[in-house]
1. Quick check on my filter: what residues within the stretch 1-22 are assigned to a helix (DSSP H, G or I) and over 33 Å from the mean Cα position of the chain (by Cα)?
2. Within the stretch 626-640, does at least one residue satisfy the condition of being closer than 26 Å to Arg557 by Cβ and among the hydroxyl-bearing types (Ser, Thr, Tyr)?
3. Could you check the stretch 320-340 and list, in sequence order, the residues that are modelled with pLDDT under 80, among the hydrophobic types (A, V, I, L, M, F, W, C) and not in a helix (DSSP H, G or I)?
4. Can you pull out the residues in the stretch 267-309 that are of a type in the set (Phe, Trp, Tyr) and modelled with pLDDT of 80 or more?
5. Among the residues in the stretch 654-661, are any touching a residue at least 60 places away in the same chain (Cβ under 8 Å) and loosely packed, with under 15 Cβ neighbours inside 10 Å?
6. Looking at Gly121, Gly134 in this structure, which one is at pLDDT below 80 and either touching a Leu at 6+ places or on another chain (Cβ under 8 Å) or under 25 Å from Ala340 (Cβ atoms) (or both)?
7. Give me the pairs, please: first residue somewhere in the stretch 584-608 and in the same structural domain as Asn639 (by TED's automatic domain parsing) and touching a residue at least 60 places away in the same chain (Cβ under 8 Å), second residue anywhere and assigned to a helix (DSSP H, G or I) and acidic (Asp, Glu), beta-carbon distance under 8 Å, and either six or more positions apart or on two chains.
8. What number of residues in the stretch 615-630 are buried (at least 18 other Cβ atoms within 10 Å of the Cβ) and within 19 Å of Ser570 (Cα to Cα)?
Amino acid sequence: MDIFYLGIVIFIIVLAVFDLVVGVSNDAVNFLNSAIGAKVARFRTIIAIAAVGVFAGAALSNGMMDVARHGIMTPQYFSFHDVMCVFLAVMVTDVILLDIFNTLGMPTSTTVSMVFELLGGAFAIAIINIAAGGTMPDGTPLMLGDMLNTEKALSVILAIFLSVALAFFFGMLVMWIARLVFTFTYRINGKTTAADGSMGGLVSSSIKIGVFSGIAVTSIIWFLLIKGLKDSSLMTPELKTFVNENTWYIIGGGLLVFSVLMTFLSALKVPVLKVVVLLGTFALAMAFAGNDLVNFIGVPLTGLDAYNDYMANGGGEPHAFLMGSLMKSANTPLVFLILAGVLMVLALVFSKKAHNVVKTSVDLSRQDEGDEMFGSSAVARVLVRTSTRMANNVVSIVPQSARRWIDSRFNPDEAFLPQGAAFDHIRAAVNLVLAGLLVALGTSLKLPLSTTYVTFMVAMGTSLADRAWSRESAVFRITGVMSVIGGWFITAGVAFLAAYLITNIMYFGSFVAMAIAVAISIALLIRSNMRYQEKKQERPGDTTFREMMHAHDSEERFQLLTKHISQCNSYNLSFVMEAYKTITDSFFQEEYRPLKRVAGETEEQRRQLKRQRRREIIGLRRLDPIMAVERNTWYFLMNNAVQQMFYCLKRINDPCREHVGNNFSPVDGEYVTSFIEMRNQILSLFERANKLLIDNTTADAELIRTDATSLQVVLSKYRKTIIDDIQKHQLNIETMTVYLNIVQESQEMLSALRHMLRGFAKYKG
């Protein structure tokens, strides 16, 4: 039996490796979004600095794993078998849960998930023991409060509310003040951020940048001392006492020294803002690894300690041997911390999911309009309308001269962002500095602020203050923020319930259930990664859209928009051809599965078409107004025509799928042969039209439209022939009705193709 428990410990350690990987993939948004969003350095440079911070944070941690040992449960009332069930359930649940969030590109808190998984697993065992009549050493019946530390869970819930509210408010306030000081045009590194190339005074610009950077660097160092290094091996009791007793002297001296230094460096054209952002990235990465992710190795290492204690003192009674030894704090050997640091670094460098999670945060906070990841929701629409009315009421009481001055400080059109940047260096610095300050302040005041929640909500608050949420994008951005916040709360609930259920299954199912749970979790991870690899492939037009959003010449924008339209519509036509062929072949061959698959794929394509249209409307708005008005009608004619093709596919597929699914009579062979010939002609026309889109030309558009009209006439005559045959030969009404529908919708598809080609030709002019 002991060998089975050794196997469980090994499984937990293996799952911990997965957990570290998916954990760093998700929490990478904490420290990467500002540097990546502002393009302060090359991507590899940012990753390298963050990797050094992650490794240092993990290696310098003193390895206190008290949360896993006795922070949630009271281990002296739990048997060895009990804690093995809890720890294995926690790891299985955590890996699956975090991987789901990573795949969706949603940031979540690793600390929240682990705490509530431990609580759910411990709660399950506590209920079992209480129901079995468990008692304390003095004979008193065990109560839930004796076995669980609910205060920790309540503090995590409090952290969500505090982090969301405080971070968003202060992010908005500080960014608003910073923008009043700097505007969107400021002199930095001997260059200007103004689109027109105008320069500010060297002395005044250097002083402003220098003082701002001095405050930022001092704040980051204070954050490192209070949060990043507070539990590290470098922070001796004497050093902690010195920092606590001389906090204000350290802050005051730092402000003076670094402000002067940064002013001097700025005057020498040193990129001090880039230094601030990269230093902030390092600090947050270090704090993250030292205080958050190190918890993940707490569970497997605590399991290992429990196993060693059982083997030394258990006497072969896993259900009777109590884990009182876990009440002691344990220092993790340095080798485990270094290995954890290496795993985190590798995950940060190679994980594509980490980049996906970062993209979510950056996209929601970017300055310019673009491809919105989220749709609109009823709640978001209400919030936008309500906040707009409130803002208008506030603005109405502000003197007109003050309004004009404030508006002059918030003109993002004057700013010139680097290629691919979502916002400028000022916002990136505010994001990092304020996040660090709030987390450090919360730590010093014993307020349980979450690093994940603070960094994300600060970024959202600063983007709102920067007027990045325009009336055209606000509803999408708010929907995205609400989705992320909702995910945080869902994380806690799902983690608790999942761990509770899995623990019960493992407890009563013993080793068989444990083995199955481990196998299922590994299978789900493999499946998730395979599906993610398919999903993450770029769609046609993605690169072109990014180029269009950063183009500054109106003619260049028009050419890129035209290219985007051609690429996307070519992809749409290719899908229509393939789906149309699959539907008709499957109907005639009575194959149900392809019909069902095409139904789902068509719905997905319709959703992607909406996304495509949002992108292209943004592109139209960035054209010269006269050109935009001229092209607007023909663009929508094209888009509506493609949408009509998708509706035709749906109207063909639904009756066919129902007919085949019910195993009704097939179409006679002679009709199949006749239709296949006409269908191939339809596909040939679509292929010719697709080639025009690929070549981005309208040379043969009119000829294709003429051929399509002729084929429509042929189909119309054929439809009348079928109706006559039904009456003359008493054909199966059910079958022939579906067949007639295919013919009729094929006509409609040709009509849509004609409209699309006409719109494309007129659009290109």
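The values are calculated or read from the model by the stated rules, or taken from the named source; none is laboratory data. Note that the structure is predicted; figures quoted are calculated from it, not measured. Positions of Cβ are generated from backbone atoms using ideal geometry, with glycine treated the same way; all protein chains shown enter the neighbour counts.
1. Asp2, Ile3, Phe4, Tyr5, Leu6, Gly7, listed by residue number.
2. Among the residues of the stretch 626-640, at least one is closer than 26 Å to Arg557 by Cβ and among the hydroxyl-bearing types (Ser, Thr, Tyr), which makes the answer yes.
3. Answer for the stretch 320-340, where residues must be modelled with pLDDT under 80, among the hydrophobic types (A, V, I, L, M, F, W, C) and not in a helix (DSSP H, G or I): just Ala330.
4. Narrowing the stretch 267-309 to residues of a type in the set (Phe, Trp, Tyr): 282, 288, 296, 307.
Answer for the stretch 267-309, where residues must be of a type in the set (Phe, Trp, Tyr) and modelled with pLDDT of 80 or more: Phe282, Tyr307.
5. Among the residues of the stretch 654-661, at least one is touching a residue at least 60 places away in the same chain (Cβ under 8 Å) and loosely packed, with under 15 Cβ neighbours inside 10 Å, which makes the answer yes.
6. Details: Gly121 fails: at pLDDT below 80.
Going through Gly121, Gly134 in turn, the sole match is Gly134.
7. Going by the 8 Å Cβ cut-off, the qualifying pairs are Glu591/Asp585.
8. 3
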